[in-house]
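Undergrad: Mind having a look at this structure? Questions to follow.
The values are calculated or read from the model by the stated rules, or taken from the named source; none is laboratory data. What you see is a predicted model; the values in this text were computed from it and never measured. Counting neighbours? That spans all protein chains shown, and the Cβs are built from the backbone with ideal geometry, glycine included.
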4 protein chains.
Amino acid sequence: MKQVAVFGAGRIGQIHASNLASLPGVQLRYVSDPASQSAASLAHALGAQVASIEEALADPAVDAVVIASPTTTHGDLIVRAAAAGKQIFCEKPVDLSVARAEACAAAVRRAGVACMIGFQRRFDPTFNALKSRLEDGEIGVPEVLIVTSRDPGAPPVEYLRQSGGIFRDMLIHDFDVFRWILADDGRDEAVWLSATGSCLTDPAIAQAGDIDTAIVSIRTRSGRLCQINASRRAAYGYDQRFEVLGFKGLLAAGNHRPTEVVRMDAAGVEVDNPEAFFLERYRAAYRLEVTHFIEQLQSGGAFRTSVHDGVAAQKLADAAALSFERGEPVTFSA
Amino acid sequence: MKQVAVFGAGRIGQIHASNLASLPGVQLRYVSDPASQSAASLAHALGAQVASIEEALADPAVDAVVIASPTTTHGDLIVRAAAAGKQIFCEKPVDLSVARAEACAAAVRRAGVACMIGFQRRFDPTFNALKSRLEDGEIGVPEVLIVTSRDPGAPPVEYLRQSGGIFRDMLIHDFDVFRWILADDGRDEAVWLSATGSCLTDPAIAQAGDIDTAIVSIRTRSGRLCQINASRRAAYGYDQRFEVLGFKGLLAAGNHRPTEVVRMDAAGVEVDNPEAFFLERYRAAYRLEVTHFIEQLQSGGAFRTSVHDGVAAQKLADAAALSFERGEPVTFSA
Amino acid sequence: MKQVAVFGAGRIGQIHASNLASLPGVQLRYVSDPASQSAASLAHALGAQVASIEEALADPAVDAVVIASPTTTHGDLIVRAAAAGKQIFCEKPVDLSVARAEACAAAVRRAGVACMIGFQRRFDPTFNALKSRLEDGEIGVPEVLIVTSRDPGAPPVEYLRQSGGIFRDMLIHDFDVFRWILADDGRDEAVWLSATGSCLTDPAIAQAGDIDTAIVSIRTRSGRLCQINASRRAAYGYDQRFEVLGFKGLLAAGNHRPTEVVRMDAAGVEVDNPEAFFLERYRAAYRLEVTHFIEQLQSGGAFRTSVHDGVAAQKLADAAALSFERGEPVTFSA
Amino acid sequence: MKQVAVFGAGRIGQIHASNLASLPGVQLRYVSDPASQSAASLAHALGAQVASIEEALADPAVDAVVIASPTTTHGDLIVRAAAAGKQIFCEKPVDLSVARAEACAAAVRRAGVACMIGFQRRFDPTFNALKSRLEDGEIGVPEVLIVTSRDPGAPPVEYLRQSGGIFRDMLIHDFDVFRWILADDGRDEAVWLSATGSCLTDPAIAQAGDIDTAIVSIRTRSGRLCQINASRRAAYGYDQRFEVLGFKGLLAAGNHRPTEVVRMDAAGVEVDNPEAFFLERYRAAYRLEVTHFIEQLQSGGAFRTSVHDGVAAQKLADAAALSFERGEPVTFSA
């Protein structure tokens, strides 16, 4: 029985906590949140206790912590949890600063603990099936990756101001997809990256110093090519697709739809829009990723993501932000 | 808190029991099964107790029973549960004999209890969305219904021998779909039914006195038309679709696919087959139907299916079997 | 160079004439139509001459005639063209009376001429590809055929009054599809047919003694099963599909769409409706069928349809009309 | 009656010549080709005469010329045809040198003749329908364009050596799509372009100084964004798609398929690959573009493309080649 503490009782904390509570072999022991009301309510609903972070980390019965608190606290909590010898699952990003993220990675390494990062797309049934089929060689070596990543609408401008910008806040998931699919988990790597973008949906976003639409090109050491297109607005919902071209063909991962109803009338043939947003689209992925975290804790197996993946995606996000600001590509030395 | 006993610890009993155990406001109190090992194992996994049917029905704390035992026991258990004043959820069919099914209905009526029948398709997200949109008038009055119902493969011949035949065992779900969609829950009704069929997949099925492929035509009092095509074999998996034509257009309900991966290679463009079989396709439906059962128990609201629906579908199945045997249509007097 | 006369300068006559005029190795010599204005205009546009039917049949240079005149004239023209030793292409039906159609077949046989019947669906690229793949054994022996056949709207009631009714006028194409796909061009045959229908779209159709919605079930000697559903009204356009189930899988033939544009907006994901009606959907088929007719004339090869196919489809249409009227199935003796 | 001479009797010359010969109001008068056998054969088949370019240009009866000769001859022929006062349709590109292309444009302007360039995608039924719907405001102002452009296989290396490279030879069509869709025919324009690429399919292509896979990003003056991905190899055929994101939604143009057959078997659900290559995919487009050319000649209306479009696409191709060589973006002054 693994004892787990969840830090953060907000939207994503609630998802992780309730998924953890329903897993066999897991006891959700503590919920921590400065908002004591949220912590109490979540803990009560799931049969856990409220505790401060200090208390949770000090309790030797706690095997693992799940960090689902605001971005600015991630780095500090990783370092403290590592120091306390806890196994760690942390929502992306490790830290908005690559330097601090690397410090976290060092702390994790020193402590010899796991630190899985919440790149939940790697657990999405469709994306994951595509990845497996790629590894089975269905289309040969992947050569070109096209990623489409569109949110239904932008978050509040106050959020954007502290988000680190579109490349660090939103495209970090796409950079992880690039690494997962095309850089083949370390067997290849980006050597050239060019990004540009615009503010097209709301002038308030530009006033906050951000953009809402971005396109990125990446070339890897071995010449593989990746394009990412991202937008903070899609009138039709949450659009999360990618396609991979290889020697023998193409594998494309499409959106999930809520139902398979088709309507045909005078206006045309219509099917459902994609799942509305990330909570719907990645519902299964969120469950599967904490299940994986617990199972690997139990079995001692390898985790699908590590703090290193968090750092690497962060570096690509930084490079994209820099490329956009300068209007020039960024190159990476080997 | 509703206290529930589940009768039957086989495949479908396990599904209902585990769905019930995960619902808030429900205590899964007893599991009953003559196979005491199965009952014990299921009860243990879900924190329930093993009890005989007598014990469960005698316990005044039990509010409701879920009947998931073999078909031949349904009628008897409904009558006994009704006599004990328990609310009832029973898997289809009520009974393979219409006369006995009507006796059950009478017993339920006398007892004043609910008796929801497990026509889980009414809870399938796609079918249910179609039904709602139909009621919203999206295509006007439904006039024509085409139902496709194919199993990936036939059950063992020993099962088929006691199944009541393809019309009673397999098409009963399709007859319920007909009633739900086209007979509009009682506002219209079948007046003419013609069925035929063949044994095409395995001579052993014919030797057992059954067929494996069947087609049925139904006309309603108001002239609406329904076609059902069913097969015990589909090489590509479980095929569960229907389409409804109305004045303003068509609503079609397609199969669910496990993933949204598309492969394009020299051979063509390929997507996933439908979900493999009923446990996969109707996973959500099974959960939603017991959720509905409990919610209506709690709220006192109307149940989406009743013992009457079970009887009515059984009558259509009987008519189809008769039509097939005689090679002639069956007509129903108003 | 094959010399051809076209009888009938209406909608379908124009299509055949202009397709013929564009084929290498063909001279469109005559156009005949009692409406001399139409004949003159069509002949002028395509570099042909106007002639009476007598003149055309009397001209020894004429190799073949294409009969695209009103249904009531087909039988007479076939007999006269056969007597004149001309090769014949005739629009469906041979004749609304099976007896007269059989007399035509006898006349054709006696004359030793070809008499291809205009079942253009056999030349539709999609339907034809499906048929070829079936013959290649892609899904094994075909066992079940489901045909959907819906017109966007009913023709004028005056037309319906002389049409022979929905089974003879509209479903005759579907009966030919049944024979082509499931009866395997003579290697199997219908032994049991049950039809019903309703007037659902316009009371004027009922007053004209016809129905607008029909469903038919057919069983063949070897136990194969066919369902046809037809409607004179589909708000979304012309719906022409069929699917064939075999041992190894399913082959389905869908509608053609004018374009491959997809729109995604707040309302859903939308693609084009099917091609509007038969002139659009079967544009390629009409061209391919006269091309085939000419090519087989030139090469002496076998024609894809014959007067026998016209007679056989007519018999099924008669049987369906009878079954509907009596409310009983029709059986065919071997 | 418009008299037309076709220069070039190769693959594309044959297509244009035979489309022209079938149009009402056109007389295909001359075919010119240094390969006199090809010219004679094509002229004979279509009822035209063989003539030298000098003879054709000297004949005052000739209204228009269609230039379908090798790329290196385009510029010279445009200048000579313009000097002779002929209306011009010329295959892309105008010239591989922007300077010479601009000289052609000047010659055309001085002569006051039309010079339509063969960007046939603007006449593809799907692409053209998308463009019309865009202009109708279906999704609001277009903001993001994603273009996928993949050939089934690379042309011979000897061809590639003289082709001007992938950006000028292959992506020039995509640059025209960018201008047509996103630059809105002159109301906006590229200000920043970044290209990269690799040789992934065949080392011989690298040895010939070219690449086979390329990705391009473009930003316009108003901030609109375009991504193009192109490959000389797609195992599944010719892949020609684009999608446009606007305020109100997305319009996507997909591939055309030869048939609408769907197969479902144990391996999955399969539909046809896209049309095999450009001759198949753009068959309708080629016919529609010369029809448009002739119609505008007859009516005096505006042509959908001009020599200016040819020059502008060439400039983008040059910029992409330069960006790729330098590894840096190219910016355009207003």
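Undergrad: Given (1) crowded, with 22+ Cβ neighbours inside 10 Å; (2) of a type outside the set (A, V, I, L, M); (3) touching a helix residue (DSSP H, G or I) at 6+ places or on another chain (Cβ under 9 Å), where does B:Thr126 come up short, assuming only one miss?
TA: (3) is the only condition that B:Thr126 fails.
Undergrad: Only one of C:Ile139, C:Ile181 is under 30 Å from B:Arg326 (Cα atoms), among the β-branched types (Val, Ile, Thr) and within 14 Å of chain D (Cβ to nearest Cβ); which?
TA: Of C:Ile139, C:Ile181, the one residue that is under 30 Å from B:Arg326 (Cα atoms), among the β-branched types (Val, Ile, Thr) and within 14 Å of chain D (Cβ to nearest Cβ) is C:Ile181.
Undergrad: Looking at B:Glu260, is it of a type outside the set (Gly, Ala, Ser), free of Cβ contacts under 8 Å to residues at least 12 places away in the same chain and either closer than 30 Å to C:Arg232 by Cα or in the same structural domain as B:Thr196 (by TED's automatic domain parsing) (or both)?
TA: Taking the combined requirement at face value, the residue does not satisfy it.
Rundown of residues vs (1) in the same structural domain as A:Gly186 (by TED's automatic domain parsing); (2) within 15 Å of the chain's Cα centre (by Cα), yes/no style:
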residue	(1), (2)
A:Arg287	no, yes
A:Phe293	no, yes
A:Leu297	no, no
A:Gly301	no, no
A:Gln314	yes, yes
A:Asp318	yes, no
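One line per residue, one yes/no per condition, for (1) among the basic types (Lys, Arg); (2) away from chain C (no Cβ under 14 Å):
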| residue | (1), (2) |
| --- | --- |
| D:Arg233 | yes, yes |
| D:Phe242 | no, no |
| D:Leu251 | no, no |
| D:Ala266 | no, no |
| D:Phe278 | no, yes |
| D:Glu289 | no, yes |
| D:Thr305 | no, yes |
| D:His308 | no, yes |
| D:Leu316 | no, yes |
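Undergrad: Regarding D:Ala21, is this residue more than 22 Å from D:His292 (Cα to Cα), free of Cβ contacts under 8 Å to residues at least 40 places away in the same chain and surrounded by fewer than 21 Cβ atoms within 10 Å (Cβ to Cβ)?
TA: No, not satisfied.
Undergrad: Exactly one of (1) under 17 Å from the mean Cα position of the chain (by Cα); (2) buried (at least 20 other Cβ atoms within 10 Å of the Cβ) is unmet by B:Thr73. Its number?
TA: That leaves (2) as the condition not met.
Undergrad: For the range C:175-216, what are the residues that are among the hydrophobic types (A, V, I, L, M, F, W, C), more than 17 Å from C:Ala319 (Cβ to Cβ) and without any contact (Cβ under 8 Å) to a residue 60 or more places away in the chain?
TA: C:Cys199, C:Leu200, C:Ala204, C:Ile205, C:Ala206, C:Ala208
Undergrad: For the range C:155-211, enumerate the residues that are closer than 20 Å to C:Ser222 by Cα, part of a helix (DSSP H, G or I) and among the aliphatic types (A, V, I, L, M).
TA: C:Val177, C:Ile181
Undergrad: Looking only at the range B:98-135, how many residues end up being closer than 30 Å to B:Phe247 by Cα, acidic (Asp, Glu) and either in a helix (DSSP H, G or I) or over 19 Å from the mean Cα position of the chain (by Cα) (or both)?
TA: Of the residues in the range B:98-135, 1 are closer than 30 Å to B:Phe247 by Cα, acidic (Asp, Glu) and either in a helix (DSSP H, G or I) or over 19 Å from the mean Cα position of the chain (by Cα) (or both).
Undergrad: Residues in the range B:193-245 that are within 30 Å of C:Pro203 (Cβ to Cβ), touching a Ser or Thr at 6+ places or on another chain (Cβ under 9 Å) and among the basic types (Lys, Arg): how many?
TA: 2
Undergrad: Can I ask one more? Restricted to the range A:57-70, and to residues that are within 16 Å of the chain's Cα centre (by Cα) and of a type in the set (Gly, Ala, Ser), which residue is farthest from A:Gln298 (Cα to Cα)?
TA: Restricting to residues being within 16 Å of the chain's Cα centre (by Cα) and of a type in the set (Gly, Ala, Ser), the top hit is A:Ser69.
Undergrad: Going residue by residue through the range C:33-53, is there one that turns out to be among the polar types (S, T, N, Q) and touching a Cys at 6+ places or on another chain (Cβ under 9 Å)?
TA: no
Undergrad: Residues of the range A:318-334 being under 19 Å from A:Ile211 (Cα atoms), more than 13 Å from every other protein chain (Cβ to nearest Cβ) and aliphatic (A, V, I, L, M), which ones?
TA: Selection gives A:Ala319, A:Ala321, A:Leu322.
Undergrad: Here's a follow-up. Hey, among C:Ala99, C:Ala61, C:Ala48, which residue is surrounded by fewer than 17 Cβ atoms within 10 Å (Cβ to Cβ), away from chain D (no Cβ under 14 Å) and farther than 20 Å from C:Val307 by Cβ?
TA: Testing whether each residue is surrounded by fewer than 17 Cβ atoms within 10 Å (Cβ to Cβ), away from chain D (no Cβ under 14 Å) and farther than 20 Å from C:Val307 by Cβ leaves just C:Ala61.
Undergrad: Take the residues in the range D:143-164 that are more than 22 Å from D:Leu279 (Cβ to Cβ) and crowded, with 23+ Cβ neighbours inside 10 Å; name whichever of them is nearest to the chain's Cα centre (by Cα).
TA: By that ranking, first place goes to D:Leu145.
Undergrad: For the range D:278-293, what are the residues that are farther than 11 Å from D:His16 by Cβ and among the hydrophobic types (A, V, I, L, M, F, W, C)?
TA: D:Phe278, D:Leu279, D:Ala284, D:Ala285, D:Leu288
Undergrad: Right, here's the next one. Looking at the range C:280-327, which of its residues are of a type in the set (Asp, Glu) and either touching a residue at least 24 places away in the same chain (Cβ under 8 Å) or in contact with a strand residue (DSSP E or B) (Cβ under 7 Å, 6 or more places away or on another chain) (or both)?
TA: C:Glu280, C:Glu289, C:Asp309, C:Asp318
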